[in-house]
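The values are calculated or read from the model by the stated rules, or taken from the named source; none is laboratory data. Please read these numbers as outputs of a predicted model, since none were measured by experiment. We place every Cβ from the backbone using ideal geometry, glycine too, and count neighbours over all the protein chains shown.
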Amino acid sequence: MSLLEKNPELKKNIWLEISTQRLIMMPLIILMVVLLASLSPVGDTYDKLTNISYFGMVVILLFWGSKVAYSNIIHEYNDRTWDWQRMSILTPKQLMVGKLIGAPIYNWYGAIICLFFVFIFGVMGDNSSLLDIIVNSVSTVLLGISLLSVSILFALLKIREGNGRDKLKTGQIFILLILFSFFFNSSAFSFMFNRLSVSAVNFDTWKIFSENLFYAIWAIIGLHQVLRRELNYKNKSYLWILFLLTSSLVKTMVMMDSLSVFIDNYVFVYFVVLSMQAIAIFYLLLLIEQNEISSLKILLRKIKEKNYTYLNYNTPLWALTFPFIVIGLITSWCLFDINILKFDNLWTKNIFNNIKIGEGIDSFQTLSLLLSLLFFILRDFLIMLFLQTTSKKKRIGSAFILYLFLLYVVFPGFTSTLGSSVGLQLFMPLPIVGSFFYPLIECVIIFLFIRNKFKK
Amino acid sequence: MISVSNLSHEFQNTLALNNVSFEIKDGAIVGLIGPNGSGKTTLLRCISTLQSIQTGHVVIDGIDIQESPREVHKIIGYLSDNFGLYDDLTVRQCLEYTAMSHIENVQNLEEIVKQTAIDAGVFEFIDKTVNTLSRGMRQRVGIAQAIIHNPKIVLLDEPASGLDPEARIALSQLIIQLKNKGMTLIVSSHILAELEDYCTEMIILKEGNLIEHTQLINPKTGGSTKNIIKLVAEHLSEEVVNSFINTFESSVKILEKTTTEILFELNEEVTKQHLLLSFLIQQGVKVKEIGAVKRNLQDEYLKTIQEK
């Protein structure tokens, strides 16, 4: 039995995406671009052609491909064909292959042609070894898999907002997606720009390859999990937790390569990375995950009922992520403040001593900073909940971003120009004793607003 | 065949379904009626496992859909309001894809596609692309997709909206044909006249609450009848009416009454009318007329909505 017979989703997407005309057009256009580039008198010809082919691959697979993969799901949802798929007997694996390879099959086709040119011109030129070309190319394909998977994953989270009747708009969070991927795979992106001669920084090919491989595997696991849920399978929470922990570890390893001159304490950096990563993901999930009051009420009810089986399968990812913010922040504070770990590196020791003694920051101040940071995060979560109680559901995401912009950029900017330190404590976590009272009061006020809305 | 108990679903701070319970027997055609936003689509989506169940239970053919939703997929066909078709595929490709993704180890794919296309009346345009078809034809392709795996239950969400009268008649015939093949159908619609042609039961939803679940008189589908009797007399005193109600308390439900007429629902055989008649004559009532009244779906619906 051929792959197409085994996978109807892949077969259907090939029917939809591939036509003779399109098959001819893609290589023709790529060839024309390569020919035009070869006519340019600037630089080494083979190097130039390798770069332009690589650029084509990046545009066709990473940018265009991600857009196609994302909007494919939104279109399926809007046309109600997604309902057929959810009610089918297709397995998550079949659907994943169908969506990841099938929907952007035309982009994969273009990327393979570009890759072919990268190989040909790379080998013909003198600047790179064959191994380097292979590793770089595989690395880019892995990056493509990550981006495409994350695009589909975002779209699948997006359609959960829908009620099965109204249509969703495509492309709204696409920029967010790129930023997210950038955050997660910054070195890979730097590598991409480096390859395109945008940046002068040289990155270790193997390090980038390993990071890309790591995130590609997790992106596939993540997509598989979300598809499982869409197809009415039950997912357990441990994979998400494992992702948060291992991703922080990989980020720490990558960062320590550059930071080793300044800091030599892996454990401290790990917990800082864990908390920072958890904060970023938490805010992102607040925007894209379905966080409506009704699902929260059910969750609270199940917690009261101590229904651990339900919680294991249905706890939203933001709720699973939040404890890691707390764990990461408290542990790194302990390591930093109580100085349990010895910082052997002289530079680090000096820096930390300067911060702690030289600047006159004591434990109460750092504890205040930690608590106010936590309360600010809680306040933002409550703002999101409050927005959920309003009637204009479609604008919750943009309203939330606007509130964050006002609270963290506009108002602090305004108060700092007035020179009011108390005013600034209302909007930013600062190492000032007692500063955590301000966000705490804000939390209480918003909570009362929400309760009032509920009663109505 | 379908048992729904205490089903509630909240969506965006609105209670889309509130403690809905009902049972549907094998081979029924149920009309799901209600104003816009009454919870019809949510109910169909909950039954078809497309919407998660927050509270309550749905059991289909003995399968709890929360326990084994994937098993339920095999026995349910669902058609959404805009038919869920791939515009750029041909009808054959649409059916092939649906068959391959809905039937385990599909054998004789061509034969299944051909037979389904014939059953749904789409065989003559099987090689046309979907975007060239009229709305009526598209709807038939949608139904063909929903029944290709020969499901026991077919859920149709507003299948007749936007169809011309000819296509609506054809749809009615197709639905009766599916029932005759042994399928149980739930059809949501606003067009009551068309539901009347084939429904054997009616469920009315209003603001997420089930306000009526009733059997209907339907000669075409052989649905069991609800006996509504109209009695006309020269004069009906309060005493006589009360005595009538007390005597036949278990089998009679008064629907309307005036000083000359009573409209009541008889829960027993129509042939037992004579017992009522002889009682009334014994009471000295001068009966002018007695007989079964056929109430159409629209009457039932409007009456129920007004009452509740």
- Message: Within the stretch A:17-29, does at least one residue satisfy the condition of being assigned to a helix (DSSP H, G or I), within 13 Å of another protein chain (Cβ to nearest Cβ) and farther than 23 Å from A:ILE159 by Cα?
- Response: yes
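Conditions tested, residue by residue: (1) acidic (Asp, Glu); (2) without any contact (Cβ under 8 Å) to a residue 60 or more places away in the chain; (3) surrounded by 20 or more Cβ atoms within 10 Å (Cβ to Cβ).
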{"site": "A:LEU31", "(1), (2), (3)": "no, yes, no"}
{"site": "A:TYR54", "(1), (2), (3)": "no, no, yes"}
{"site": "A:MET57", "(1), (2), (3)": "no, no, yes"}
{"site": "A:ILE60", "(1), (2), (3)": "no, yes, yes"}
{"site": "A:GLY65", "(1), (2), (3)": "no, no, yes"}
{"site": "A:ILE74", "(1), (2), (3)": "no, no, yes"}
{"site": "A:LEU100", "(1), (2), (3)": "no, no, yes"}
{"site": "A:ASN107", "(1), (2), (3)": "no, yes, yes"}
- Query: Of all residues in the stretch B:47-64, which are surrounded by 20 or more Cβ atoms within 10 Å (Cβ to Cβ) and facing another protein chain (nearest Cβ under 8 Å)?
  - Reply: B:SER48, B:THR49, B:LEU50
- Task: Keeping to the stretch A:74-95, report how many residues are assigned to a helix (DSSP H, G or I), within 14 Å of another protein chain (Cβ to nearest Cβ) and aliphatic (A, V, I, L, M).
- Result: 1
- Within the stretch A:47-80, the residues that are among the polar types (S, T, N, Q) and out of contact with any helix residue (DSSP H, G or I) (no Cβ under 8 Å at 6 or more places or on another chain) are A:ASN78
- Message: If the requirement is being part of a helix (DSSP H, G or I) and touching a residue at least 60 places away in the same chain (Cβ under 8 Å), which of these qualifies: A:LEU440, A:LEU402, A:LEU448, A:LEU430?
- Response: A:LEU440
- Message: I'd like the residue in the stretch B:86-119 that is in contact (Cβ under 8 Å) with a residue 40 or more places away in the chain and more than 27 Å from A:SER19 (Cα to Cα) and, out of all such residues, is surrounded by the most Cβ atoms within 10 Å (Cβ to Cβ).
- Response: B:ASP119
- Task: Quickly run through the stretch A:283-292 and pick out the residues that are over 16 Å from A:VAL150 (Cα atoms) and outside any loop (DSSP other than H, G, I, E, B).
- Result: A:TYR283, A:LEU286
- Report whether or not B:LEU44 is surrounded by 23 or more Cβ atoms within 10 Å (Cβ to Cβ), at the interface with another protein chain (Cβ under 10 Å from one of its Cβ atoms), under 18 Å from the mean Cα position of the chain (by Cα) and at pLDDT 90 or above. yes
- Message: Would you confirm whether or not the stretch B:18-31 contains a residue that is out of contact with any Leu (no Cβ under 7 Å at 6 or more places or on another chain) and part of a helix (DSSP H, G or I)?
- Response: no
- Task: Give the residues of the stretch B:72-86 that are in contact with a helix residue (DSSP H, G or I) (Cβ under 6 Å, 6 or more places away or on another chain) and more than 8 Å from every other protein chain (Cβ to nearest Cβ), sorted by residue number.
- Result: B:GLY77, B:LEU79
- Item | Among residues of the stretch A:278-310, those that are out of contact with any Ser or Thr (no Cβ under 8 Å at 6 or more places or on another chain), away from chain B (no Cβ under 14 Å) and in contact (Cβ under 8 Å) with a residue 12 or more places away in the chain, counted | 8
- Query: What do you reckon, is B:ILE143 touching a residue at least 40 places away in the same chain (Cβ under 8 Å), facing another protein chain (nearest Cβ under 8 Å) and either of a type in the set (Asp, Glu) or under 17 Å from B:THR184 (Cα atoms) (or both)?
  - Reply: no
- Query: Of B:GLU67, B:GLU104, which residue is more than 24 Å from B:LEU133 (Cβ to Cβ), facing chain A (nearest Cβ under 8 Å) and modelled with pLDDT under 90?
  - Reply: B:GLU104
- Task: Answer yes or no: is there a residue in the stretch B:201-211 that is polar (S, T, N, Q) and modelled with pLDDT of 75 or more.
- Result: yes
